[in-house]
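Laboratory data are not the source of any read-out in this text; all were calculated from the coordinates shown. Keep in mind that this is a model prediction, so the values were computed, not measured. Glycine gets a Cβ as well: all are built from the backbone with ideal geometry, and neighbour counts include every protein chain shown.
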There are 2 protein chains.
Amino acid sequence: MELWYTERQTDGVALSCKVIQTLHSEQTPFQRLDVIETASYGRMLVLDGMVQTTEVDEFVYHEMIVHVAMQTHPQPRRVAVVGGGDGGAVREVLKYRSVESVKLIEIDERVVAASRRFFPQLSQGLDDPRVECLFADGIRHIQENKGAYDVIIVDSTEPVGPAVGLFSRNFYVSCYESLTDHGVLVAQTESPFFNRDLIEKAFAAISSVFPVSRLYLASIPTYPSGLWSFSLGSKRRDPLEVTPNLDGIPTRYYTEGVHHAAFQLPRFVQEIVAKATKGGE
Amino acid sequence: MELWYTERQTDGVALSCKVIQTLHSEQTPFQRLDVIETASYGRMLVLDGMVQTTEVDEFVYHEMIVHVAMQTHPQPRRVAVVGGGDGGAVREVLKYRSVESVKLIEIDERVVAASRRFFPQLSQGLDDPRVECLFADGIRHIQENKGAYDVIIVDSTEPVGPAVGLFSRNFYVSCYESLTDHGVLVAQTESPFFNRDLIEKAFAAISSVFPVSRLYLASIPTYPSGLWSFSLGSKRRDPLEVTPNLDGIPTRYYTEGVHHAAFQLPRFVQEIVAKATKGGE
């Protein structure tokens, strides 16, 4: 018998992966959590029926949500990861020697527990002495910690359930206030093929709060359409003017060339950005 | 009742699309041909159970297989499209005023007939007086036409059945001989996530034949992994040194920025290229 896991990514599109075995399933206070072992993508973390991360392609997402922002800040010392309970983003942040403290603010403690048990490659960094895991509401935490962070990484699920507020202008204002002088915010903002309205709304909000705002892209096979967007807000430096320094920072996707290429948007994505910023920059 | 079409893209991954209706099915002398209308991607051309093109995302593939090569040639006048019976590549080629003649060499006449009937957006250019459709073996045609073309575009299916020979070094040697002095060859070479061996082999062959060879990428949602590679061989100009001129050439994906960004490979793809060229360039 063949077992397949199918995610209905949109109303009319589904991605299926052949399953070797189900490793874990539970209903947490916040969501349904499954860990499966797939034939092509290795172990896969699934929340409320949506693929969050897989062993095979997680490097793209985690490198791209972390390094672009970290390189845009001149010397990131204090970093917050909102969501990201699998630990993959924290692992990338810890590659920077300038980093003194990383706060992981994850609302669902069970995600961290599952990652520690089933995804050591992702969660390995969580025991680093610089890391503190807070099982709390990220929105409230950011509101209550003004001027606390150099970089905030919003590694959220899709904007359903507890993640809805993470895509609101109010939250981005809190992020601005929680950031230091050269502070940088980055958030995952879904697929330009399937979520144009969301990107437009989120990017418009970030652009209205931060003096510098940029959208960039990366290719993530297990996410809907395979093309994913990230929105970055910066108080000072423009990521386009950065020369990344990767000394001692091993990567499999991100390079200096990829940093700049990621901001060269296809015309149909440029149009989403232009609409979000009403044609002005 | 809901109908879904499922393509098993690899042994362990499948992409499914909700189907509104089946418009056409036939067994041609070369392959099984289906045209379906899907909810998310519009009309879809399926050959031997593999998605060839869809109304919604065809612009990415056709712009990216055509414009990078066309812009790399200083003045393309005579162009060959090998395969590409849907007409999408021809449509893009015809956007260049320098073009005097386009030969479409498609082995399966039924693909062109189906495209004319069901994909007017793709096949519209086939009636242009500059276009000639030859229903013939592309390998033999290229062998027999030395010095005939400025640009050769290999818009093939996957390397199974009649397309196998289109990925061989012998064919690339024929292409070299069929090209004029500044000639440029481009070929689709599958997904860097799923087809590393194929890319390595095809790119190694092209690199051994052409003085300039470059791999580049584009995001195509309905192709396996969503990330697709193209291999370019050039007799003279390096695509990296080109400043694209898009005057009078409308696009939805390709821009000057995208041209250059497409060659900025993620590190894991750089490694495939390095292996293909044994670390040297």
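Exposure proxy ranking for B:Leu94, B:Leu215, B:Leu104, based on other Cβ atoms within 10 angstrom of each Cβ and starting from the fewest, stands as B:Leu94, B:Leu215, B:Leu104. Between the beta carbons of A:Glu177 and B:Arg237, assuming R0 = 45 Å, the FRET efficiency works out to 0.30 to the nearest 0.05. Compactness of chain B was expressed as the Cα radius of gyration divided by 2.2 N^0.38 Å, which yields 0.94. Angle of helix B:196-209 to the longest C-alpha principal axis of chain B, folded into 0 to 90 degrees and rounded to 10: 40°. Ordering A:Ile105, B:Ile220 from the fewest to the most neighbouring beta carbons within 10 Å gives A:Ile105, B:Ile220. Legend: mean number of C-beta atoms from other chains within 10 angstrom of residue C-beta atoms, peptide A:207-219, equals 1. Between A:Ala113 and B:Ala136, the FRET efficiency estimated from the beta carbon spacing at R0 = 51 angstrom works out to 0.25. For region A:203-281, the average shadow cast by the Cα convex hull is 6.1 nm², which is a quarter of the hull's surface.
Each label was represented as a point 7 Å from its Cα along the Cα-to-Cβ direction; for A:Gln124 and B:Asn245 these points are 5.2 nm apart. Summing charges over neighbours of B:Gln188, with a neighbour being any other residue whose Cβ is under 11 Å away from its Cβ, gives -3 when K and R count +1 and D and E count -1.
Pairs A:Lys201/A:Lys278; A:Lys103/A:Lys146; B:Lys95/B:Lys235; B:Lys146/B:Lys235; A:Lys146/A:Lys235; B:Lys201/B:Lys278: which are spaced more than 20 Å apart, C-alpha to C-alpha? B:Lys95/B:Lys235, as the Cα separations exceed 20 Å there.
Between region A:55-122 and region B:15-42, the alpha-carbon centres lie 42 Å apart.
Using a Gaussian network model of chain B in which every pair of alpha carbons under 10 angstrom is joined by a spring, one finds that among B:Tyr149, B:Tyr176, B:Tyr96 the greatest mean-square fluctuation is at B:Tyr96. Where chain B is carried onto chain A by rotation, the Cβ closest to that axis, with its residue and distance in Å, is B:Gly226, 1. Across the identical copies, the label point of A:Arg97 (7 Å from Cα in the Cβ direction) is separated from its matches by 5.7 nm, in order from shortest. Sequence-distant contacts, meaning Cα pairs under 8 Å at least 6 residues apart, place the relative contact order of chain B at 16 percent. With everything on Cα atoms, drop me the angle between helix B:58-72 and the longest principal axis of chain B, reported from 0 to 90° to the nearest 10. Computed tilt is about 10 degrees. Secondary structure note: in chain B, about 65% of the DSSP beta bridges are antiparallel. Ranked from shortest, the separations from the 7 Å Cα-to-Cβ label point of A:Arg32 to its equivalents in the other copies are 3.2 nm. Over all other residues within a Cβ to Cβ distance under 10 Å of A:Asp86, the charged ones net out to -1, with Lys and Arg as +1 and Asp and Glu as -1.
Calculated on the Cα set of region A:1-119, radius of gyration then Dmax: 15.8, 54 Å. Amide H contacts for A:Thr180 (H built 1.01 Å from N in the peptide plane; partners 5 or more residues away or on another chain; cut-off under 5 Å): A:Tyr149, A:Asp150. Axis of helix A:109-118 versus longest Cα principal axis of chain A: the two differ by about 60°, to the nearest ten degrees. Neighbours of A:Asp150 by Cβ distance under 13 Å: Lys/Arg scored +1, Asp/Glu scored -1, total +4. Considering only A:Ala148, B:Val269, B:Val56, and ranking their Cα positions along the charge dipole of the protein assembly as shown that arises from unit charges at the beta-carbon of Lys, Arg, Asp and Glu, the one farthest toward the positive end is A:Ala148. Charged side chains reduced to their Cβ positions (Lys and Arg at +1, Asp and Glu at -1) give chain B a dipole of some 520 debye around its Cα centre.
The Cα atoms of region A:3-54 cover 28, 26, 17 Å along the three principal axes, with the biggest extent listed first. Here the dipole of the protein assembly as shown is about 920 debye; that uses its Cα centre as origin and unit charges on the Cβ of Lys and Arg (positive) and Asp and Glu (negative). The Stokes-Einstein estimate for the protein assembly as shown, based on a Kirkwood radius over Cα pairs and taken at 4 °C with 1.567 mPa s viscosity, is a diffusion coefficient of 53 µm²/s.
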